[in-house]
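See below for the structure under consideration.
The values are calculated or read from the model by the stated rules, or taken from the named source; none is laboratory data. What you see is a predicted model, and the numbers here were worked out from it, not measured in a lab. Heads up, the Cβs are rebuilt from the backbone with ideal geometry, glycines too, and the neighbour counts pull from every protein chain shown. Note: areas computed on protein heavy atoms with side chains; ligands, DNA, RNA excluded. Shrake-Rupley method; radii C 1.70, N 1.55, O 1.52, S 1.80 Å.
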Amino acid sequence: MPALILITRPVDAAKAFAATVQAELGSGADICIAPILEIQLLPDLPDLAPFPTLIFTSAHAVASFARATSARGFTCYTVGRATAEKAMDCGLSPIVGPGTGLDLAKRIVRDAPATPCLHLRGDHVAFDIAKYLNSAGIDTDEATVYRQLSVPLPDAALTRIMQADAVIAPVFSPRSAQLLLDALPKGANLHVAAISDAAAGVFAPDDAVRIEVAQSPDRQSMLACTATLWSRANRLEGRSSPQ
């Protein structure tokens, strides 16, 4: 039985990543979409008039912003390319960061844009950009514009996990990594593709057979990391199967 690829991103992102994985690995890839986070966009934004510069560290924040206002006359920073693509689709002209919150904050400090800045964010973040920027002398406020609600793994997904010889789990944040770890049944043969050292660090060495960190914190590198783990797990299972 080929390794199971377990995708636990919020549903729209999970479907998009699953399609990319399927295109890369072909019809032989066994993919289970089982979101453990549900995104709830909040209806209201703060008054944007005082803020010439906006900071986005997720596509969900861009979606919430775009749904709530037609204003687009801002300097705009995004954490990486995927968030930038969403911002461009909404009519913004983003300055694209290198992929992590810390590196984006360093870029903003170097650029010294017009202030105050406003970080539009979810209710959970891996890195506190506003705190970092304020400590560096860049006046920055923040507003929560979406919530990330945890949801349990469905029974059907749990059954597939326990039946699989190996489970390949791409994790895209420390929080989703922790939720996955809490939800997985004991005995799952887990192989983790982590988007960052922070996400990988959630797992103790005995929580997974293998933990790999993507070469860079972006979708293409996560695809490559997932594909490598899948191929390696299938080779190992093939060698250990009775002849």
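Of all lysines in the structure, the ones whose alpha carbon falls short of 17 Å from that of Lys106, not counting any fewer than 8 places away in one chain, are Lys131.
Do you know the relative contact order of segment 143-243, to the nearest whole percent, from alpha carbon pairs under 8 angstrom that are 6+ apart? Could the numbers behind the result be given before it?
Values: 125 pairs, mean separation 23.6, N = 101.
Taking the mean separation of contacting Cα pairs over the length of segment 143-243, I get 23 percent.
Ligands, DNA and RNA are left out, and with a 1.4 angstrom probe the accessible area of the chain is 48 Å² per residue. Our note on the geometry: Cα centres of segment 9-41 and segment 142-212, 14 Å apart.
Straight Cα distances below 27 angstrom link Lys15 to the lysines Lys86, Lys186, with same-chain residues fewer than 8 positions distant left out.
Hydropathy at least -1.0 by Kyte-Doolittle, axial extent at least 18 angstrom from the Cα trace: which helices of the chain, defined as entire DSSP H runs, fit?
Details: long enough: 11-25 (21 Å, 0.71); 219-240 (31 Å, -0.56).
Both cut-offs are met by 11-25, 219-240.
In a simple Cβ point-charge model (Lys, Arg +1; Asp, Glu -1; nothing else charged), the chain has a dipole of about 380 debye relative to its Cα centre. With contacts taken as Cα pairs under 8 Å and at least 6 residues apart, the chain reaches a relative contact order of 21 percent.
Probe radius 1.4 Å, ligands and nucleic acids ignored: give me the carbon and sulfur share of the accessible area of segment 195-235 as a rounded percent. Write down the numbers at each step before the final one.
Numbers: 1030 of 2160 Å².
Looking at segment 195-235 in its full context, I get 48 percent from C and S.
Considering only protein heavy atoms and a probe of 1.4 Å, how much of the accessible area of segment 13-170 is carbon and sulfur, as a whole percent?
Within segment 13-170, the accessible surface is 49 percent carbon and sulfur.
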